[in-house]
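Report on one structure; see the data block that follows.
The values are calculated or read from the model by the stated rules, or taken from the named source; none is laboratory data. Just so it is clear, the model here is predicted, and its values are computed rather than measured. Neighbour counts are summed over all protein chains in view; Cβ atoms, including those assigned to glycine, are modelled from backbone coordinates with ideal geometry. SASA here: full protein model, heavy atoms, side chains in, ligands and nucleic acids out. Shrake-Rupley method; radii C 1.70, N 1.55, O 1.52, S 1.80 Å.
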Amino acid sequence: MLTTAFTETFGVSHPIVQGGMQWVGRAELVAAVANAGALGMLTALTQPTPDDLAREISRTRELTDQPFGVNLTVLPTITPPPYDEYRNVIIDCGVKVVETAGSSPAPHLPHFHAAGIKVLHKCTSVRHAVKAQALGVDGISIDGFECAGHPGEDDVPGLVLIAAAAERISIPMIASGGFADARGLVAALALGADGINMGTRFMCTEESPIHRNIKEAIVAASEVDTELIFRSLRNTARVARNSISQEVVEILSSGGKFEDVRHLVAGARGRAVFDSGDPEAGIWTAGTVQGLIHDVPTVGELVERIVAESEALIAGRLTGLLDPVSA
């Protein structure tokens, strides 16, 4: 078993996290991750209302007695969701781990800590990680350029970003973006992280609540089959390459504004992809790591495989590279 500062602080058996994913972080996936000894995250804003989140937390507890968390992503919008109400539901339901992302966690941190909740904050740069650490979060998730969703605007890949963050971060830190297997976990540990966060890889499991066609599309895709949209708007997002994402890139690179692509990137269309199984129905997130995904195992099989192969890599191949001490 791999024991790290992350597993000890957040109370899980394995240094593996299934981060919050819109439309994907639901009870059946989160419970399966928890039962496998890793840390699963419900996605608060996948639920239409705070009351729906309370019901989803209850449903998760019916499926597992192991620790799990809730992702609360706070983003500036014209009509923001009732973030405080979602936060209060998380507290009232007795959840003990929260993954924050987007804006600064400062407004919510005192409330979570007063309730004894550990806060893991997702960052895309070292400077933001350092600031979050200073605010008092309990852990950092450092998100490299390879990731699905929003990689920030610095374009720093994980190989550099993780090591650079490790030089400045003293609290537990997990690495996000580009992780799918034991090789990634061992590499992250070598770079100074205390575990890994996987999104796209967990999408491709039996318990993932998305259509089988989308899982198979990820398996069939390579590491170059993504697009970076919203670059000109300084709100870059990595999504799966399809006719819709290519059209968005073309419109914006030709001087278009958000209003010109709004109808293409609507969240309802992205959800329709996962529900209908039509990969051309809208924009949907996927990371470059899809080039390393070749099957659709159960969550239990995936976590067991990663842990066992990581231990074998560390004890076998890496230890075997050391010269024996001469007698």
Next on the checklist: Name the residue that is most open to solvent (accessible area, probe 1.4 Å), counting only residues in region 54-72 that are within 18 Å of His111 (Cα to Cα) and among the hydrophobic types (A, V, I, L, M, F, W, C).
Outcome noted: Ala54
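Yes or no, residue by residue, for (1) out of contact with any strand residue (DSSP E or B) (no Cβ under 6 Å at 6 or more places or on another chain); (2) modelled with pLDDT of 95 or more; (3) closer than 25 Å to Val296 by Cβ; (4) among the acidic types (Asp, Glu):
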| position | (1), (2), (3), (4) |
| --- | --- |
| Val12 | no, yes, yes, no |
| Pro15 | yes, yes, yes, no |
| Gly20 | no, no, yes, no |
| Gly40 | no, yes, yes, no |
Checklist entry - What number of residues in region 117-153 are open to solvent by 10 Å² or more (accessible area, probe 1.4 Å), within 17 Å of Thr288 (Cβ to Cβ) and out of contact with any helix residue (DSSP H, G or I) (no Cβ under 9 Å at 6 or more places or on another chain)? => result 2
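Which residues, counting only those in region 9-51, are part of a loop (DSSP other than H, G, I, E, B) and among the acidic types (Asp, Glu)?
Passing the criteria: none in range.
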Next on the checklist: Condition (residue is open to solvent by 70 Å² or more (accessible area, probe 1.4 Å), in contact with a helix residue (DSSP H, G or I) (Cβ under 7 Å, 6 or more places away or on another chain) and either more than 30 Å from Val224 (Cβ to Cβ) or not in a helix (DSSP H, G or I) (or both)) applied to region 300-323: is it met by at least one residue?
Outcome noted: no
Checklist outcome for this item: Of Ala193, Ala163, Ala175, Ala188, the only residue that is assigned to a strand (DSSP E or B) and either over 20 Å from Glu301 (Cα atoms) or among the charged types (D, E, K, R) (or both) is Ala175
Item to check | Matching residues, region 133-191, being of a type in the set (Asp, Glu) and closer than 18 Å to Pro105 by Cβ | outcome: Asp138, Asp143
Checklist outcome for this item: When (1) closer than 24 Å to Leu252 by Cα; (2) surrounded by fewer than 19 Cβ atoms within 10 Å (Cβ to Cβ) are applied to Gly192, the one that fails is (1)
Next on the checklist: Please verify whether Leu159 is over 21 Å from Ala31 (Cβ atoms), over 18 Å from the mean Cα position of the chain (by Cα), open to solvent by 20 Å² or more (accessible area, probe 1.4 Å) and in contact (Cβ under 8 Å) with a residue 12 or more places away in the chain, treating the condition exactly as stated.
Outcome noted: no
Checklist entry - Is it fair to say Val219 is part of a helix (DSSP H, G or I), open to solvent by 10 Å² or more (accessible area, probe 1.4 Å), modelled with pLDDT of 95 or more and under 25 Å from Gly102 (Cα atoms)? => result no
Checklist outcome for this item: Restricting attention to region 226-241, the residues that are open to solvent by 10 Å² or more (accessible area, probe 1.4 Å) and either of a type in the set (D, E, K, R) or not in a strand (DSSP E or B) (or both) number exactly 9
Checklist outcome for this item: If we ask which residues in region 73-92 are open to solvent by less than 40 Å² (accessible area, probe 1.4 Å) and either part of a loop (DSSP other than H, G, I, E, B) or farther than 30 Å from Thr236 by Cβ (or both), their number turns out to be 1
